[in-house]
């Protein structure tokens, strides 16, 4: 089996060397017994990089899970060959991550003024890298809402999703103009995450006549209206790619009874047993006949349709679906 790619080694080696420098500094202040084993482990990892065996399990020689190497480049074994104690610790970490993520998600259904929302968040594993937010204003008449998708999967992606959520929750009380809100969130996310990490995001704020919308490289939202379905194009790059990115505001009118559907690509990239993708056309065909239903009925109906399309195969990616309806 091949080890980690050359590009990943270029990213991970500085992290490992930084760990070693910190341990060297600590060794002058604490007894050697606290750091000697760790220094030996780091040196062993650096030798593996030089030999081309970094990232391979020492027992079966298969690749170690990438998200675990992202969190700890010193990992020596894949999940199948952890000790019983290590496996318990891993399961406890996953359970804690699941609890934290669940507490960050909004209520399944929210009503604020003339607006009704419903969403479903379905990770492919224990935790996911999708981002979903519905945040009522202090006066309760308007909503901030967002759906995003952090690059990667598993615990590493869920940690970045948590970080993105914290950024928006810290910025929303400032009541910034909407494009400035997204631009500042982009800069904070960009400056505090590795260069290889980014997130696609579509976010909006309800107004008296509809929504203000910014789409940072995310899937195109669908506007459901009596006359048909409209796809809303992106207005900027994903957040985290370039710290100085700017985002255009799209003012989207929504009449009473109109609905906005936001989703992650885990839905449109769902495949049937023959390998055909659900795609935006499948979502449109599922959503349009449900345009007159309430938000929860639209969400549940679409997800049932996706499950029927997928058939007996496993879910391959996180899926998030958020429906915003003007009552």
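The values are calculated or read from the model by the stated rules, or taken from the named source; none is laboratory data. Since the model is a prediction, treat every value here as computed from it, not as a measurement. All Cβ positions, even for glycine, are placed from backbone atoms using ideal geometry, and neighbour counts span all protein chains on display.
Of note:
- The range 276-294, residues that are under 12 Å from residue 229 (Cβ atoms), loosely packed, with under 15 Cβ neighbours inside 10 Å and touching a residue at least 12 places away in the same chain (Cβ under 8 Å): 288
- Failed criterion for residue 127 (all others in (1) part of a loop (DSSP other than H, G, I, E, B); (2) surrounded by fewer than 20 Cβ atoms within 10 Å (Cβ to Cβ) hold): (2)
- Matching residues, the range 168-186, being within 17 Å of residue 134 (Cβ to Cβ) and buried (at least 18 other Cβ atoms within 10 Å of the Cβ): 168, 178, 181, 182, 185
- The requirement of being modelled with pLDDT of 85 or more and either assigned to a helix (DSSP H, G or I) or in contact with a helix residue (DSSP H, G or I) (Cβ under 8 Å, 6 or more places away or on another chain) (or both) is satisfied by residue 171.
- Residues that are surrounded by fewer than 17 Cβ atoms within 10 Å (Cβ to Cβ) and over 24 Å from residue 26 (Cβ atoms), drawn from the range 39-65: 50, 51, 52, 53, 58, 59, 60, 61, 62, 63
- Among the residues making up the range 232-250, those that are in contact with a helix residue (DSSP H, G or I) (Cβ under 6 Å, 6 or more places away or on another chain), surrounded by 20 or more Cβ atoms within 10 Å (Cβ to Cβ) and either without any contact (Cβ under 8 Å) to a residue 12 or more places away in the chain or part of a loop (DSSP other than H, G, I, E, B) (or both) are 240, 247.
- Residue 188 meets each of the listed conditions (1) more than 20 Å from residue 279 (Cα to Cα); (2) in contact (Cβ under 8 Å) with a residue 24 or more places away in the chain apart from (2).
- Selection status of residue 141, more than 13 Å from residue 202 (Cα to Cα) and either assigned to a helix (DSSP H, G or I) or touching a residue at least 12 places away in the same chain (Cβ under 8 Å) (or both): yes
- The range 251-319 holds helices (runs of 4 or more DSSP H) entirely within its bounds, and those carrying 3 or more residues that are in contact with a strand residue (DSSP E or B) (Cβ under 6 Å, 6 or more places away or on another chain) map to 295-310.
- Scanning the range 49-65 for residues that are free of Cβ contacts under 8 Å to residues at least 60 places away in the same chain and not in a loop (DSSP other than H, G, I, E, B) gives 49, 50, 51, 56.
- On the stretch given as the range 1-10, residues that are buried (at least 16 other Cβ atoms within 10 Å of the Cβ) and either modelled with pLDDT of 75 or more or assigned to a helix (DSSP H, G or I) (or both) total 2.
- Residue within the range 179-201 that is closer than 30 Å to residue 288 by Cα, assigned by TED's automatic domain parsing to the domain that holds residue 134 and not in a strand (DSSP E or B) present: yes
- Which listed residue, of 150, 155, is within 12 Å of residue 240 (Cα to Cα), touching a helix residue (DSSP H, G or I) at 6+ places or on another chain (Cβ under 6 Å) and surrounded by 20 or more Cβ atoms within 10 Å (Cβ to Cβ): 150
- Pair list, Cβ < 7 Å and 6+ apart or interchain, from the range 92-108 residues that are in the same structural domain as residue 154 (by TED's automatic domain parsing) and at pLDDT 65 or above to residues that are assigned to a loop (DSSP other than H, G, I, E, B) and loosely packed, with under 11 Cβ neighbours inside 10 Å: none
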